[in-house]
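Undergrad: Following this message is one structure expressed as structure tokens.
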Amino acid sequence: MARRFGYRPIADTPLLGEKIDYVEAKSTGEMGQILWEIHHGNHEKGMLQLKKLAEQGDAVAQFNYASKYLGAKEYDKAYEWLKKAAAQEMEMAYGQLAHLYHEGLGVTKDYNQAFVWFEKGAIAGDVSARFDLGLMYYQEEYGRQDYQKAKTWFERAAAMNDARAQGMLGIMYLNGTGVKQDYQQAREWLEKSAAAGESLAQKYLGDYYTEGLGGEEDATKACEYYEMAAAQDDIYALYIVALIYLNGNGVEKDADKGMAYLERSAVLGNADAQLVLAGRYYSGDFVAKDIEKAREWLEKAAALGNKKAKNALQTF
């Protein structure tokens with residue numbers, strides 16, 4: 001049986017305030033003028049005008065004013081303004097409220113409330129809410145596991161070109177989770193997601209070609225996909241690419257490049273990479289021998305729970 005592939009947790013989906021500043025009004029009236037002032041004129045003056053309009057009950061202004069607090073990580077204040085906007089059926093507020101409940105930001109963590117708001121956002125057509133609702137049905141921890149419903153919401157998000165949802169559909173077909181295992185379908189969905197820049201999909205395509213799922217192994221193509229994910233600092237992909245170049249699997253052996261990838265993965269917290277790097281410093285393979293550095297990397301790996309590193313330290 002092919003090993004099971006993972007997924008991106010909801011917590012990895014950023015809040016709007018961490019991605020963009022404000023959402024444009026649908027009209028070019030007073031809100032449009034205020035946003036122009038904020039972005040191109042007197043920012044402080046624009047923010048005062050935005051606050052005034054929000055206090056007067058304008059839902060778009062309330063949502064935009066909440067975004068200010070999301071960006072500042074003042075989540076309790078963001079929550080209050082998002083609730084006001086949501087009460088007026090400002091659809092973009094639904095998903096943001098769901099995230100606050102999911103992460104316990106500004107409110108008590110409550111997965112049931114997160115589900116309620118993700119569902120409202122998903123039904124309203126918010127693509128991120130559709131993806132996150134799919135994850136809540138996909139993951140067992142929420143007590144609502146239903147792979148068919150997960151697939152439905154992933155498909156709806158994927159139809160809106162959400163690369164994360166495309167990747168999740170690829171994973172479902174790869175594992176045969178809630179669907180008949182289908183490597184062709186898996187590859188097609190993963191390729192769409194990878195082409196849009198999703199590092200998870202790029203990494204899993206690397207695994208796909210390494211293991212020869214649905215066809216023959218292709219070490220060269222696997223390395224290409226791993227390198228795409230590594231370029232985005234995926235610590236697993238960095239580690240795999242390091243081993244590929246150190247061993248010359250499907251590529252010309254390149255110790256310098258391999259060690260650079262290995263150290264990057266180790267620095268970012270990959271215990272396996274830290275263990276291997278410790279071994280390189282201990283033996284003097286590809287680097288100058290340095291017992292103290294070997295010990296340092298072993299200690300880092302052990303602190304992350306790596307059993308081999310813990311055992312090695314006992315006899316170091």
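The values are calculated or read from the model by the stated rules, or taken from the named source; none is laboratory data. Note that the structure is predicted; figures quoted are calculated from it, not measured. Glycine gets a Cβ as well: all are built from the backbone with ideal geometry, and neighbour counts include every protein chain shown.
Undergrad: Counting only residues that are crowded, with 17+ Cβ neighbours inside 10 Å, charged (D, E, K, R) and farther than 21 Å from Gln96 by Cα, how many does region 34-64 have?
TA: So the answer is 1.
Here's the yes/no breakdown for (1) in contact with a Lys or Arg (Cβ under 8 Å, 6 or more places away or on another chain); (2) basic (Lys, Arg); (3) crowded, with 17+ Cβ neighbours inside 10 Å:
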site: Asn161; (1), (2), (3): no, no, no
site: Ala186; (1), (2), (3): no, no, yes
site: Gln202; (1), (2), (3): no, no, yes
site: Gly212; (1), (2), (3): no, no, no
site: Thr220; (1), (2), (3): no, no, no
site: Arg264; (1), (2), (3): no, yes, yes
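Undergrad: Search region 163-184 for residues being surrounded by fewer than 19 Cβ atoms within 10 Å (Cβ to Cβ) and among the polar types (S, T, N, Q), and hand back the single one that is nearest to Asp132 (Cα to Cα).
TA: Here the residue is Thr177.
Undergrad: Tell me which of these Trp81 doesn't satisfy, since it passes every other one: (1) closer than 30 Å to Leu169 by Cβ; (2) modelled with pLDDT of 95 or more.
TA: Checking Trp81 against (1) closer than 30 Å to Leu169 by Cβ; (2) modelled with pLDDT of 95 or more, the one that fails is (1).
Undergrad: How many residues does region 196-218 contain that are within 17 Å of Ala230 (Cβ to Cβ) and without any contact (Cβ under 8 Å) to a residue 60 or more places away in the chain? Even if it seems obvious, please write down each step before you answer.
TA: Filtering region 196-218 down to residues within 17 Å of Ala230 (Cβ to Cβ) leaves 197-210.
Filter again for without any contact (Cβ under 8 Å) to a residue 60 or more places away in the chain, leaving 197-199, 201-203, 205-206, 208-210.
So the answer is 11.
Undergrad: Please verify whether Ala271 is surrounded by fewer than 16 Cβ atoms within 10 Å (Cβ to Cβ), under 30 Å from Ala165 (Cα atoms) and of a type in the set (A, V, I, L, M, F, W, C), treating the condition exactly as stated. If you could, list the steps in order and put the result at the bottom.
TA: Numbers: surrounded by fewer than 16 Cβ atoms within 10 Å (Cβ to Cβ): no; under 30 Å from Ala165 (Cα atoms): yes; of a type in the set (A, V, I, L, M, F, W, C): yes.
Criteria not met by Ala271.
Undergrad: Give all pairs with beta carbons closer than 9 Å in which a residue from region 239-253 that is at positive phi and in a helix (DSSP H, G or I) meets a residue that is polar (S, T, N, Q) and surrounded by fewer than 17 Cβ atoms within 10 Å (Cβ to Cβ); count only pairs at least 6 apart in sequence or on separate chains.
TA: Final answer for the pair search is none.
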